[in-house]
1. Would you be able to tell me the number of residues in the stretch 134-160 that are among the hydrophobic types (A, V, I, L, M, F, W, C), over 16 Å from HIS209 (Cα atoms) and open to solvent by less than 30 Å² (accessible area, probe 1.4 Å)?
2. Please name all residue pairs, on different chains or six or more residues apart, with Cβ atoms under 6 Å, provided the first residue is in the stretch 145-169 and is aromatic (Phe, Trp, Tyr) and the second residue is part of a helix (DSSP H, G or I).
3. With the structure loaded, tell me whether ASP424 is open to solvent by 50 Å² or more (accessible area, probe 1.4 Å), under 22 Å from the mean Cα position of the chain (by Cα) and at pLDDT below 95 or whether it fails that test.
4. Can GLU160 be described as of a type in the set (D, E, K, R) and outside any strand (DSSP E or B)?
5. Given the conditions (1) surrounded by 16 or more Cβ atoms within 10 Å (Cβ to Cβ); (2) in contact with a Ser or Thr (Cβ under 9 Å, 6 or more places away or on another chain); (3) at pLDDT 50 or above, and given that ALA286 satisfies all but one, which numbered condition is not satisfied?
6. So, of the residues in the stretch 77-102 that are of a type in the set (D, E, K, R) and in contact (Cβ under 8 Å) with a residue 12 or more places away in the chain, which turns out to be surrounded by the most Cβ atoms within 10 Å (Cβ to Cβ)?
7. If you go through the stretch 218-272 one residue at a time, how many are open to solvent by less than 40 Å² (accessible area, probe 1.4 Å) and hydrophobic (A, V, I, L, M, F, W, C)?
8. Here is a check on your reading of the model: is ALA195 in contact with a Gly (Cβ under 9 Å, 6 or more places away or on another chain), at pLDDT 95 or above and farther than 26 Å from LEU74 by Cα?
Amino acid sequence: MRIKVGVVGSGFASEFIPLFQHHPLVEEVVVADLIKERRENMVAQFGIKRSVDSLEALCQMNVDAIALFTNRHLHGGHTLSALQAGKHVYCAVPMASSVEEIEAILGFLKTSDLVYMTGETSYYYPTPIYCRTQFVEGNFGEFVYGEAAYYHDMAHGFYEAYQHSDRDQWTQAAGLPPMYYPTHSVSMILSVTGARATSVSCLGWQDHHSDGIFQQGSNYWDNIFSNETALMRTSDGGMMRINEFRRIGWLGIGERSVHMSLYGTGACFEEQANARVWTAHEGLQAMRDLEELLSCTQYSGPTDERERDGQTQAQQILSANMGHRPPSYFSGVSKVHPVHRLPDQFAGLPNGHAGSHQFLVDDFVKAVVAHQLPPNHAWNAARYCLPGLVAHESAKQQGTMLPIPDPGSPPPGWSLLDSNLKWDML
């Protein structure tokens with residue numbers, strides 16, 4: 001079985017189109033964009049045979065799945081439209097911008113046979129990959145406390161991103177409450193422990209910047225906070241602190257804009273600006289510097305001249321289509337990444353966000369073909385997103401502790417995809 005994938009949006013989507021095109025289980029990629037010039041550019045750059053001018057038009061086409069790279073605050077409604085049209089859905093984060101939208105998505109999926117996956121890059125970062133292995137093997141002991149952060153100043157690409165996606169309304173969209181975009185940080189902890197956040201108290205930092213983006217009346221949410229900090233209780237009895245900052249003197253280059261530390265009764269993992277360290281009761285003898293192991297310095301690159309030419313062409317296409325992008329969008333992989341399970345056709349193609357892009361595409365495509373749940377299925381996506389939505393409500397109430405809804409679990413009958421299987425083993 002090979003599937004047809006519709007990709008909605010330009011910009012960030014352009015980094016994923018070559019991956020979908022080269023996946024051996026994908027027959028065709030169709031693109032949709034409201035803006036004619038961008039749509040025609042993608043058609044020309046990537047050799048697209050079919051294109052349309054809207055998500056609505058794409059939903060009427062004979063594609064099996066739709067990958068959404070649309071405006072952040074519209075993901076919930078766009079996901080529901082695609083699902084209701086009978087399409088499997090890959091959606092860039094966040095899942096949605098309201099509790100009601102998440103409940104509607106989960107409610108629809110409970111009675112359908114469709115696959116949904118959130119495009120959470122942090123799940124495939126070296127840090128959570130390493131920590132998940134340690135946690136499963138029992139080396140952490142009981143989970144006590146975790147802290148994760150997404151430090152991304154507006155000046156580090158967010159102005160341009162919002163201008164690209166929202167055009168004349170970009171300032172209204174750019175005032176998105178930081179906790180409405182929580183999944184990079186929340187997923188790093190919860191994907192390790194398997195727990196969920198049950199309650200939250202959050203405080204916000206009122207913005208004073210002259211651009212006026214985070215001010216009452218200046219954005220869709222009347223949001224005044226550019227930085228938010230939340231303390232959460234987790235279902236396993238632990239605690240976690242989440243920082244979502246958009247005005248912060250932090251370089252934010254590459255994977256360092258998202259980082260996590262996790263503390264257990266048996267051992268701890270700590271990650272800061274320039275160090276990643278494992279410690280245990282035995283002291284210095286048990287302290288391990290993990291920087292070499294977890295740094296994305298390797299590249300699972302081309303093995304022959306043809307593939308090297310393909311790599312150069314793909315990067316030229318992305319450069320022409322995207323303009324200047326941070327180095328993180330062309331990152332390599334670390335020693336803990338399971339590159340053995342990726343399709344051979346991915347060799348030499350661009351990767352990004354600490355080696356995550358190729359794994360995202362591979363897991364989604366395999367999940368659709370195998371009709372199984374990907375690791376970041378809808379119920380996990382809700383666990384990553386709901387805590388932030390409730391946290392912002394707490395911040396508006398000066399830190400009142402609020403309960404976080406339990407999204408539940410997938411219905412009986414679904415099995416989890418074994419991501420380590422290579423495509424030809426399905």
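1. Filtering the stretch 134-160 for residues among the hydrophobic types (A, V, I, L, M, F, W, C) gives 135-136, 140, 143-144, 148-149, 154-155, 158.
Checking which are over 16 Å from HIS209 (Cα atoms) leaves us with 135-136, 140, 143-144, 148-149.
If we keep only those that are open to solvent by less than 30 Å² (accessible area, probe 1.4 Å) as well, we get 140, 143, 148-149.
Counting residues in the stretch 134-160 that are among the hydrophobic types (A, V, I, L, M, F, W, C), over 16 Å from HIS209 (Cα atoms) and open to solvent by less than 30 Å² (accessible area, probe 1.4 Å) gives 4.
2. TYR150/HIS184; TYR150/SER185; TYR151/SER257; TYR162/TRP170; TYR162/ALA173; TYR162/ALA174
3. Answer is no for this residue.
4. Details: of a type in the set (D, E, K, R): yes; outside any strand (DSSP E or B): yes.
The answer is yes for GLU160.
5. So the condition that ALA286 fails would be (1).
6. Our first condition is that a residue be of a type in the set (D, E, K, R); within the stretch 77-102, this holds for 87, 100-101.
Add one more test, that the residue is in contact (Cβ under 8 Å) with a residue 12 or more places away in the chain, and what stays is 87, 101.
Values: LYS87: 23, GLU101: 18.
Among those that are of a type in the set (D, E, K, R) and in contact (Cβ under 8 Å) with a residue 12 or more places away in the chain, it is LYS87.
7. Taking the stretch 218-272 first, the residues open to solvent by less than 40 Å² (accessible area, probe 1.4 Å) are 218-219, 223, 225-228, 230, 232, 234, 238, 240, 242-247, 252, 254-255, 257-262, 264, 266-269, 271.
Next, only the ones that are hydrophobic (A, V, I, L, M, F, W, C) stay: 225, 230, 232, 240, 242, 245, 258, 260, 262, 267-269.
Summing the residues that are open to solvent by less than 40 Å² (accessible area, probe 1.4 Å) and hydrophobic (A, V, I, L, M, F, W, C) in the stretch 218-272 gives 12.
8. Values: in contact with a Gly (Cβ under 9 Å, 6 or more places away or on another chain): yes; at pLDDT 95 or above: yes; farther than 26 Å from LEU74 by Cα: yes.
Taking the combined requirement at face value, the residue satisfies it.
The values are calculated or read from the model by the stated rules, or taken from the named source; none is laboratory data. Keep in mind that what you see is a predicted model, and the values were worked out from it rather than measured. All Cβ positions, even for glycine, are placed from backbone atoms using ideal geometry, and neighbour counts span all protein chains on display. All accessible areas refer to the heavy atoms of the entire protein, side chains included, with ligands and DNA or RNA removed. Shrake-Rupley method; radii C 1.70, N 1.55, O 1.52, S 1.80 Å.
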